Amino acid sequence: MIETIWFGLPILVQDGLMLAGLLLPLVATGLICLTGFRVAPLVTGLLRKHASLSATFVFLVAASVGISVALIAQERGLREGTARAADKFDLIVAAPGSEITALLAAVYLQPSAIPLLDGETYAQLEQHPLVDLVAPLAFGDSWQGVPVVGTTPAFVEHLSEGLNTGRVFATVNEAVVGARVALNPGDELKPSHGDGSKGPNSHDHTYEIVGKMERTGSPWDNAILVSVESVWGIHGMPMGHGPDWDWQVGGPFEPSEFAGTPAALVRANELWANYSLQSEFNTSDTMALFPGSVLAQLHALMGDIRQVMSILAVTTQVLVAIAVLAGLSMLSRILAKRMALLRALGAPERFVFAVTWSFAMTLIVTGAVIGLLLGVFLCFGVSAVITSMTSILVEARLAWPEIHLVAAFVSAVGLFSLLPAYRASRRSVLTDLRS
Amino acid sequence: MKLVLNLLFSLFAACAFAGEGHSHDDGHDHEKPSGRDHMATLGDLRLLHAWASETEDSDVLVYVEIENNSGRAVTLLGAQADFAARTELVGFQSQGGESGYTRLPKLPISAGAKMILKPKGVALRMVGVDRHLHEGDDFEFTLVFEQGEVAMTGQVEAENAAQHSHAGHNH
Amino acid sequence: MKLRVDALSVESPQGQRLLRVPQLDLATGRSLAIRGPSGAGKSTLLFTLSGLLEVTQGSVKWGDLELAGLSDAQRTRFRGENLGLVFQDHLLFEELSASDNAGIAALYSRPAQRAAITRQASDTLSHLGLAADIQRTVTSYSGGERQRIAVARALAAQPKVLLADEPTASLDRKTADALIADLLESAGKAKRTFVVVSHDPALIEACDHVLTIEDGEATRFD
């Protein structure tokens, strides 16, 4: 019954209630400790008096919180970024082999030597009633380390959904570049064979850039797209069309003139049609895979790693909390004379308890808040670095899981802080006064 | 001595007989006295290895292998089960960094094709299950095709199972 | 508030006798100076009268309230409600201002009393010549000024009893005389019972009664 009600609530409400629940012990403790007292002037004074010690505690807490939440948020950002990069790739059809190799090659442009899909299979895809879009993805060449991929104009329009500048290539001498390639319409390039790592090996063919794609948040932002016909032609292979070809690039292709492609992107209008196509083309002769599903399986495999990271994050925070509490126990000795004076003047034990606990909580809460802000900055920074290194748009942002983690941490440490506060209120007044 | 040898030989034969239970192609009745049936047929449609993971959730994902050995396309519409309020045909989808199972209205399986319902792929979602499924349990359900219905028995595998425990076995 | 002490004995936790006072009576509004050589037990008596030290045997009664047998919390409450304490080293909160120090009781008193305590603290500081810039932290004040802040703190809650431990010890003669005058004037005006431990002849002379403590024994009461 409770489960039904809970899962019926909007997610935002669930998250808010969970946050409230996690902070409730802390708030309740605070109310019980502080009701009837004004601790602020004393706590502020103590913070000023012990400024460097306080700053050290705050820094410790902030660093541990910041690193922990950034770690967890970054892992999620990476997972979501890699998944988003695969959004445009509904179904990939390739020659039989490793799904992960095909995924890395077709979606993330990490090509390796994989067998080619033949013209007959490609023609079946072109003619299939359920197929809305099919495009070859012929990689293998590069320009200054940037992959040059042979495909069709339809694929460019599908990937970019309108160009940032210029137009899609229409001839074998034209190319379109990704948003992060340092080329613009009007520039020219000569591709090299392979990924360029074995030294210059230029083909004798020049492309003119005619368009630049919109940002896709994927490695395709760092790619150069050309007609597949030109890639075949450069390598001395049949160019996909019969003798009556009018040199207009794009499908349909003549199966007997189709030189082969490592992979093809396939798209159906409906999800069910994609699954139907996948089962039809997943045979001993061809392999059909959903990048989203393969990625989800990879992410599930990494689920254990994620758990370890979460445990590490929590352990870090617990260790810092222990260090802070140990420090507070020492601090209660430093504060002993002041607390003894208060009791000598007639302040109740609960006031001394309240002052000590409030002082500890001020340090912890300040550290946690700064830590959250630090986590936000770390996320921005690390995401920017990963994006620039991989071209995969990673946007790690703090979300409810991190906020819940910090709330739980603050609450737990707040409750543990009751012990040094209690011990501070039970010390011998005269001994401390005379010390 | 001869009696002992005969006894030993009989024992060996009995063990061999039990170990080769999988290679019988008329189901597993004699292998599993409880009557588990890993395979069902509907004409030239062969359905194998229906399974689900152990769970305490009220929604359960059921998977099965479908071999269309007929000469024409068939269409899977969904399923029915007494222990669930309703059953949906669902497919895994990842979009915008978010992923989950989306309802599918139907699933055509072309002639000669093999459709494997599996985690992070296509599945039958049993909604509002009225009992917890424990590893080792069986469950009965009916697959619904445009071309007809077929009852079969599924097996509950471990909570973190990725496939049927007999997956890959050619019956 | 009158004071009555009967057969008082105070021992250390190890059982060592620290103080014996057979009898002591002090009427409401009167002043008592406690004198004797160093280590005689003067401060021990003062702390016992304030409830900071537990009575081992005998009786210490302030008005109708018997201190002997009270718990630590009860004695603390008694101090807060009835006593003002001035320590030898003034013992102020260095990080707080003069007005915050003087009005410190407002932080833990009942809300209804807070305004009165703060006002009284401010008035007493003014009366003691510390009106100007009382928001400065006390580290910037002289020894004499700090002792006056401590006196203002002791008087802020308008206690019935004022206890002081060597209040003029670290002051020059002129400052000490001024402080003695202030203390006695405030005690007299409010009919406040005043007990002070002191070596200062001028302060001893100015009190109504003198109790001599020698070697842990109250030997003479004048």
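The values are calculated or read from the model by the stated rules, or taken from the named source; none is laboratory data. Model, not experiment: these values are computed from the prediction. Cβ placement follows ideal geometry from the backbone for every residue including glycine, while neighbour counts extend to all protein chains displayed.
Observations on the model:
- Annotation note: of B:110, B:165, the sole residue that is out of contact with any Ser or Thr (no Cβ under 6 Å at 6 or more places or on another chain), at pLDDT below 95, surrounded by 17 or more Cβ atoms within 10 Å (Cβ to Cβ) and of a type in the set (Ser, Thr, Tyr) is B:110.
- Looking only at residues in the stretch A:335-364 that are in contact (Cβ under 8 Å) with a residue 40 or more places away in the chain and within 7 Å of chain C (Cβ to nearest Cβ), the one that is nearest to residue A:59 (Cα to Cα) is A:338.
- Qualifying residue in the stretch A:110-120 (condition: more than 10 Å from every other protein chain (Cβ to nearest Cβ), in a helix (DSSP H, G or I), in contact (Cβ under 8 Å) with a residue 12 or more places away in the chain and surrounded by 22 or more Cβ atoms within 10 Å (Cβ to Cβ)): no
- Residue match in the stretch A:335-345 (condition: outside any loop (DSSP other than H, G, I, E, B), hydrophobic (A, V, I, L, M, F, W, C) and in contact with a Gly (Cβ under 8 Å, 6 or more places away or on another chain)): yes
- Counted residues, the stretch C:5-38 - those being in contact with a helix residue (DSSP H, G or I) (Cβ under 8 Å, 6 or more places away or on another chain) and surrounded by fewer than 21 Cβ atoms within 10 Å (Cβ to Cβ): 2
- Residue satisfying condition, being buried (at least 17 other Cβ atoms within 10 Å of the Cβ), within 14 Å of chain B (Cβ to nearest Cβ), within 30 Å of residue A:322 (Cα to Cα) and in contact (Cβ under 8 Å) with a residue 12 or more places away in the chain, within set A:76, A:84: A:76
- Single unsatisfied condition, residue C:68 versus (1) within 14 Å of another protein chain (Cβ to nearest Cβ); (2) farther than 15 Å from residue A:347 by Cα; (3) without any contact (Cβ under 8 Å) to a residue 60 or more places away in the chain: (1)
- Residues satisfying the stated conditions in the stretch C:159-177, i.e. surrounded by fewer than 17 Cβ atoms within 10 Å (Cβ to Cβ) and either in contact with a helix residue (DSSP H, G or I) (Cβ under 7 Å, 6 or more places away or on another chain) or without any contact (Cβ under 8 Å) to a residue 40 or more places away in the chain (or both): C:170, C:172, C:173, C:174, C:177
- If the condition is being assigned to a strand (DSSP E or B) and away from every other protein chain (no Cβ under 14 Å), then the stretch C:12-24 contributes C:17, C:20, C:21, C:22, C:23, C:24.
- Of the candidates A:364, A:403, the single residue that is farther than 30 Å from residue A:218 by Cα and hydrophobic (A, V, I, L, M, F, W, C) is A:364.
- Checklist (1) over 15 Å from residue A:75 (Cα atoms); (2) without any contact (Cβ under 8 Å) to a residue 60 or more places away in the chain; (3) assigned to a helix (DSSP H, G or I) applied to residue A:371, failing item: (2)
- Residue match in the stretch A:220-234 (condition: within 16 Å of residue A:150 (Cα to Cα), more than 35 Å from the chain's Cα centre (by Cα), touching a residue at least 40 places away in the same chain (Cβ under 8 Å) and assigned to a loop (DSSP other than H, G, I, E, B)): no
- The combined condition, being at pLDDT 90 or above, farther than 18 Å from residue A:50 by Cα and of a type outside the set (Val, Ile, Thr), is fulfilled by residue A:373.
- If the condition is being touching a Ser or Thr at 6+ places or on another chain (Cβ under 9 Å) and polar (S, T, N, Q), then the stretch C:102-132 contributes C:118, C:122, C:124.
- Residues in the stretch A:264-294 that are facing chain B (nearest Cβ under 8 Å) and aromatic (Phe, Trp, Tyr) were compared, and the one that is surrounded by the fewest Cβ atoms within 10 Å (Cβ to Cβ) is A:272.
- Of all residues in the stretch A:416-426 being surrounded by 19 or more Cβ atoms within 10 Å (Cβ to Cβ) and not aliphatic (A, V, I, L, M), the one that is modelled with the highest pLDDT: A:417
- Matching residues in the stretch A:28-65 - criterion: being in contact with a helix residue (DSSP H, G or I) (Cβ under 6 Å, 6 or more places away or on another chain), touching a residue at least 12 places away in the same chain (Cβ under 8 Å) and within 13 Å of another protein chain (Cβ to nearest Cβ): A:33, A:34, A:37, A:39, A:42, A:43, A:46, A:47, A:54
- Any chance residue B:63 is in a strand (DSSP E or B) and either away from chain A (no Cβ under 14 Å) or closer than 30 Å to residue A:216 by Cβ (or both): no
- Selection within the stretch B:103-113 - within 7 Å of another protein chain (Cβ to nearest Cβ) and either over 21 Å from the mean Cα position of the chain (by Cα) or not in a strand (DSSP E or B) (or both): B:104, B:105, B:106, B:110, B:113
- The residue list A:413, A:406 contains one member that is assigned to a helix (DSSP H, G or I) and either closer than 18 Å to residue A:47 by Cα or at pLDDT 90 or above (or both), which is A:406.
- Qualifying residue in the stretch A:1-17 (condition: in a loop (DSSP other than H, G, I, E, B), within 30 Å of residue A:262 (Cβ to Cβ) and within 14 Å of chain B (Cβ to nearest Cβ)): no
- Checking residue C:192 against (1) farther than 23 Å from residue C:120 by Cα; (2) at pLDDT 85 or above, the condition it does not meet: (1)
- Scope the stretch B:86-102; condition within 20 Å of the chain's Cα centre (by Cα) and either modelled with pLDDT under 90 or within 13 Å of chain A (Cβ to nearest Cβ) (or both); matching residues: B:88, B:89, B:90, B:91, B:92, B:101
- Residue within the stretch C:84-99 that is at the interface with chain A (Cβ under 9 Å from one of its Cβ atoms), surrounded by fewer than 23 Cβ atoms within 10 Å (Cβ to Cβ) and among the acidic types (Asp, Glu) present: yes
- Note on the stretch B:114-133: residues that are surrounded by fewer than 20 Cβ atoms within 10 Å (Cβ to Cβ), of a type in the set (Val, Ile, Thr) and at the interface with chain A (Cβ under 10 Å from one of its Cβ atoms) amount to 1.
- Complete set of residues in the stretch C:25-64 that are away from chain A (no Cβ under 14 Å), farther than 17 Å from residue C:167 by Cα and part of a strand (DSSP E or B): C:25, C:26, C:57, C:58, C:59, C:60, C:61
- Just one residue in the set A:310, A:332 is crowded, with 19+ Cβ neighbours inside 10 Å, in contact (Cβ under 8 Å) with a residue 40 or more places away in the chain and over 30 Å from residue B:122 (Cβ atoms); that residue is A:332.
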